[in-house]
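Chemist: Following this message is one structure expressed as structure tokens.
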Amino acid sequence: MTPQQLYDTIKQAFPKSEVASICYTSRDCLRNGFCSNQQAGKVIDFDAVKEEAYKGVTPTPASVDAVCVSSEDAPAFVFVELKGWKQYIDKIYYQKQTPQEKASGYNLAGKLSDSQHLCMKLAGDRDLFLHMPVRFLLVTDINVDSNGIDAFQYMLNQLGQTSSYLYSECMSEARKCLESEIYIDRDYISCKDFDRYLCSSGTGK
């Protein structure tokens, strides 16, 4: 089975699971409204797939937020997890967790493993990913570039000189979590770059 065939199998089994963009899988964006950088590449809301597939099952397995297919010459099946830092930084004085503690609770490996098992169940193939190219994409709502602090529009003025350090620490802890838990091809990007990344690096449908 190819990555595209797997995507189509999931979409056929759960026809309402495909959404207009990655933005529609973000609770914060759905609750607070979409920004001017709303993305347009369609993805499958995999949380919705999991909830339907495991209805009545307790405890419910974990899952990534979305799945999609790369647009490169040799497509890959892409597991996408969204993790926001904007609200955390904006309300830093009210936070009870350090950036390290927040990132340590991501459970990326567990979400990837449970999501792969659900895909194998839906495809009826235990060897589904034996030869299929797979990627993991961690997506955040802040700029992950080294100079991203310069473009960060939500930085609290009262943080003063500590804001740059805090911003860098949030990015660093998330990246360390990704690299320590996920051993397949992986990357860490800003949500506003999602569509462009999918087209240029081959991680999108």
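The values are calculated or read from the model by the stated rules, or taken from the named source; none is laboratory data. Since the structure is predicted, the reported quantities are computational estimates derived from the model, not experimental observations. A quick note on method: Cβ atoms are made from the backbone with ideal geometry, for glycine too, and the neighbour counts reach across all protein chains shown.
Chemist: Hey, could you check the range 44-53 for residues that are of a type in the set (D, E, K, R) and touching a residue at least 12 places away in the same chain (Cβ under 8 Å) and say which is surrounded by the fewest Cβ atoms within 10 Å (Cβ to Cβ)? Steps first, answer last, please.
Modeler: Narrowing the range 44-53 to residues of a type in the set (D, E, K, R): 45, 47, 50-52.
Imposing the further condition that a residue be touching a residue at least 12 places away in the same chain (Cβ under 8 Å) reduces the set to 45, 47, 50, 52.
Working: D45: 20, D47: 19, K50: 22, E52: 12.
The residue in question is E52.
Chemist: Could you identify the single residue in K111, K96 that is assigned to a loop (DSSP other than H, G, I, E, B) and either over 15 Å from R175 (Cβ atoms) or modelled with pLDDT of 85 or more (or both)? Outline the logic, then answer.
Modeler: Numbers: K111 fails: assigned to a loop (DSSP other than H, G, I, E, B).
Only one candidate qualifies: K96.
Chemist: Restrict the check to the range 159-166 and report whether at least one residue is modelled with pLDDT of 85 or more, of a type in the set (F, W, Y) and part of a helix (DSSP H, G or I). Show your work before the answer.
Modeler: Start the filter on the range 159-166 by keeping residues that are modelled with pLDDT of 85 or more, which leaves none.
No, the range 159-166 has no match at all.
Chemist: When you check A62 against the structure, is it part of a loop (DSSP other than H, G, I, E, B) and either free of Cβ contacts under 8 Å to residues at least 12 places away in the same chain or exposed (fewer than 13 other Cβ atoms within 10 Å of the Cβ) (or both), yes or no?
Modeler: On the way: part of a loop (DSSP other than H, G, I, E, B): yes; either free of Cβ contacts under 8 Å to residues at least 12 places away in the same chain or exposed (fewer than 13 other Cβ atoms within 10 Å of the Cβ) (or both): no.
No: the conditions fail for A62.
Chemist: Determine which member of the set F129, F152, F194 is at pLDDT below 85 and either surrounded by 14 or more Cβ atoms within 10 Å (Cβ to Cβ) or closer than 21 Å to V64 by Cα (or both). I'd like the intermediate steps shown before the answer.
Modeler: Working: F129 fails: at pLDDT below 85; F194 fails: at pLDDT below 85.
Just a single option satisfies the conditions, and that option is F152.
Chemist: Could you check how many residues of the range 1-33 are in a helix (DSSP H, G or I) and either surrounded by 13 or more Cβ atoms within 10 Å (Cβ to Cβ) or modelled with pLDDT of 95 or more (or both)?
Modeler: 17
Chemist: So T140 passes all but one of these: (1) of a type outside the set (A, V, I, L, M, F, W, C); (2) within 17 Å of I89 (Cα to Cα); (3) modelled with pLDDT under 85. Which condition number does it fail?
Modeler: (3)
Chemist: Among the listed residues G41, G56, identify the single one that is in a loop (DSSP other than H, G, I, E, B) and surrounded by 15 or more Cβ atoms within 10 Å (Cβ to Cβ). Before the answer, list the steps.
Modeler: Details: G56 fails: surrounded by 15 or more Cβ atoms within 10 Å (Cβ to Cβ).
Checking each option against the conditions leaves just G41.
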